[in-house]
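Asks: Pasting in a structure now, in structure tokens, and then I'll have a few things to ask.
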Amino acid sequence: MSYPYVLLSAAVSLDGYLDDTGPDRLLLSSPADFDRVDAVRASVDAILVGAGTIRADNPRLLVNSAERRAARVRAGRPEYPLKVTVTAGGDLDPGAAFWHTGGEKLVYTTDEGAERAAGRVGGTAGIVPLGPELDWRALLTHLHDVRGVERLMVEGGGTVHTQLLRLGLADELQLVLAPLFVGDPAAPRLFGPGGYQAGRLRLTETRRIEDVVLMRYEPTAPGTGPLPAAADRHWLRTACELAALCPPSRTAFSVGAVVVAEDGTELARGHSREGEDPVVHAEEAALAKLDPADPRLAGATVYSSLEPCARRASRPAPCAELILRAGVRRVVTAWQEPDTFVAGADGTGVLVKGGAEVVVLPELAELAKAPNRHLLG
């Protein structure tokens with residue numbers, strides 16, 4: 001499964017209530033922040049809101065700046081990003097501004113909701129049924145693989161934000177804090193109750209914009225089991241970037257590895273031929289920095305730009321075995337080891353036989369291969 005980069009955007013009051021952009025309603029953002037949002041919209045391939053937000057707020061979701069729209073066209077992109085909504089039952093208002101402004105529109109719904117949605121807005125939007133229930137992973141895969149969406153901006157509402165965060169599918173949260181108290185117990189909140197991923201989010205930016213503050217966060221907690229989370233892509237990308245630090249070699253791959261605890265804490269990192277050891281492997285280098293008795297290893301994930309090795313001549317134990325001995329039972333990698341140096345290498349098989357879950361993110365394979373091009377022909 002390959003997903004677009006998912007960016008959640010919202011504004012909240014000091015007491016945690018969600019921005020409501022409907023007519024004659026309280027606006028939390030400032031004019032300068034609305035312009036920032038316009039720039040973000042212009043940068044993405046698609047904008048998504050839930051059907052409830054369309055009913056409640058009647059948003060247009062346009063790129064308002066003519067200069068930004070012209071820049072999109074010059075770059076060979078549509079004047080406006082694709083506008084997307086999600087509805088289980090197909091209950092859509094055909095008179096909403098969403099359908100009659102901007103560029104192309106797309107509705108994701110259930111099999112049951114598809115007929116109703118087509119009857120209401122089929123003349124202005126494409127209808128994509130996802131099955132008996134709404135499946136966010138199927139939706140994101142379709143957007144990426146079929147519609148070519150690389151960056152998706154999600155502007156609400158709270159239910160949509162909650163679902164994407166709980167599923168670990170949000171790559172970034174852009175949150176604007178407004179210096180206001182709403183105080184209305186009936187006002188919508190940004191996130192609903194439920195089980196979210198463990199760990200703290202990583203703060204990547206704070207910025208004052210007139211009287212509001214923009215905060216950008218990234219999730220850090222690894223996924224669980226075979227389904228990838230947004231944080232898995234972040235950590236595997238980090239491992240791939242570490243591979244570029246390896247001293248070049250004609251006889252061994254350049255690999256990077258990161259060990260991350262269940263709560264998103266980075267425990268260790270390493271790369272091939274690190275330090276003074278010309279034959280050390282990335283996973284070996286990272287694990288050697290940890291106390292083998294560290295209880296966090298049992299719930300940790302190892303991210304390796306290349307499938308951990310199953311056989312090697314330079315050490316008694318291959319990396320797949322070292323990972324299992326450390327107690328780690330989840331590995332995320334981008335690229336299966338080719339036969340360049342070891343025929344029939346199958347580190348994945350060793351790991352799976354030892355009880356580990358192996359997740360492959362092929363969308364990062366090219367990044368993992370980049371420092372090894374001289375070995376691949």
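The values are calculated or read from the model by the stated rules, or taken from the named source; none is laboratory data. If you're wondering where the values come from, they're calculated on a predicted model, not measured in any experiment. In this analysis, Cβ positions are derived from the backbone assuming ideal geometry, glycine residues included, and neighbour counts consider all displayed protein chains. Just so you know, the surface numbers come from the protein's heavy atoms only, side chains and all, with ligands and any DNA or RNA stripped out. Shrake-Rupley method; radii C 1.70, N 1.55, O 1.52, S 1.80 Å.
Asks: So what are the ³J(HN,Hα) numbers for segment 187-195, from phi and the Karplus equation (6.51, -1.76, 1.60; θ = phi - 60°), rounded to whole Hz, Gly and Pro as x?
Replies: 5, x, 9, 5, 10, x, x, x, x
Asks: Let me know the number of lysine pairs in the chain closer than 30 Å at the Cα, not counting same-chain pairs under 8 apart.
Replies: Working: Lys83/Lys105; Lys289/Lys353; Lys289/Lys369; Lys353/Lys369.
Lysine pair count for the chain: 4.
Asks: What do you reckon, how do Asp57, Asp91, Asp232, Asp291 stack up by accessible area (1.4 Å probe), largest on top?
Replies: Asp291, Asp91, Asp57, Asp232
Asks: Same structure, new question: Counting other C-beta atoms within 10 Å, and keeping those with at most 16, which DSSP coil GluC sites (Glu not before Pro) do you find in segment 200-283?
Replies: Sites meeting the loop and neighbour criteria: Glu210, Glu276.
Asks: What are the equivalent ellipsoid semi-axes of the chain, built from the alpha-carbon gyration tensor (square roots of five times its eigenvalues), in whole angstrom, biggest first?
Replies: They are 43, 22, 20 Å, listed from largest to smallest.
Asks: Once you keep just the Cα pairs under 8 angstrom separated by 6 or more residues, what percentage relative contact order results for the chain?
Replies: Taking the mean separation of contacting Cα pairs over the length of the chain, I get 14 percent.
Asks: Any idea what angle helix 230-243 forms with the longest principal axis of the chain, computed on alpha-carbon atoms, 0 to 90 degrees, nearest 10?
Replies: Once rounded, the angle reads 40 degrees.
Asks: Also, quick follow-up: Amide H to amide H under 5 Å from Leu130: which residues, 5+ apart in sequence or cross-chain, H placed 1.01 Å off N in plane?
Replies: Long-range HN contacts for Leu130: Thr109, Thr110, Asp111.
Asks: When the convex hull of the C-alpha atoms of segment 279-368 is computed, what volume per residue in Å³ does it have?
Replies: Per-residue hull volume (Cα only) is 97 Å³.
Asks: Can you compute 3J(HN,Hα) from phi for each residue in segment 50-61, using the Karplus curve 6.51 cos²θ - 1.76 cosθ + 1.60 with θ = phi - 60°, rounded to whole Hz and x for Gly and Pro?
Replies: Running phi through 6.51 cos²θ - 1.76 cosθ + 1.60 with θ = phi - 60° gives x, 4, x, 5, 5, 5, 7, 10, 6, x, 8, 6 Hz.
Asks: Further, regarding this structure: Got a number for carbon plus sulfur as a percent of the chain's accessible area, 1.4 Å probe?
Replies: The nonpolar share, carbon plus sulfur, comes to 53 percent.
Asks: Once amide H atoms are placed 1.01 Å from N in the peptide plane, what residues at a sequence separation of 5 or more from Ala170, or on another chain, have their amide H within under 5 Å of its amide H?
Replies: Here the answer is Ala230, since their amide H atoms fall under 5 Å of that of Ala170.
Asks: Non-local amide H neighbours of Arg330 (under 5 Å, H modeled in plane, Pro and chain starts lacking H): which ones?
Replies: Amide H to amide H, under 5 Å and 5 or more residues apart or across chains, Arg330 pairs with Val302, Glu357.
Asks: Hey, what did segment 291-373 get for relative contact order, percent, Cα under 8 Å, at least 6 apart?
Replies: About 32 percent, as a whole number.
Asks: Using only Cα atoms, tell me the angle between helix 136-145 and the longest principal axis of the chain; keep it within 0 to 90° and round to the nearest 10.
Replies: Compared with the principal axis, the helix lies near 80 degrees.
Asks: Mind listing the phi-derived Karplus ³J(HN,Hα) values for segment 251-256, rounded to whole Hz, using 6.51, -1.76 and 1.60 with θ = phi - 60°, and x for any glycine or proline?
Replies: Residue by residue, segment 251-256 yields 10, 7, 6, 9, 9, x Hz.
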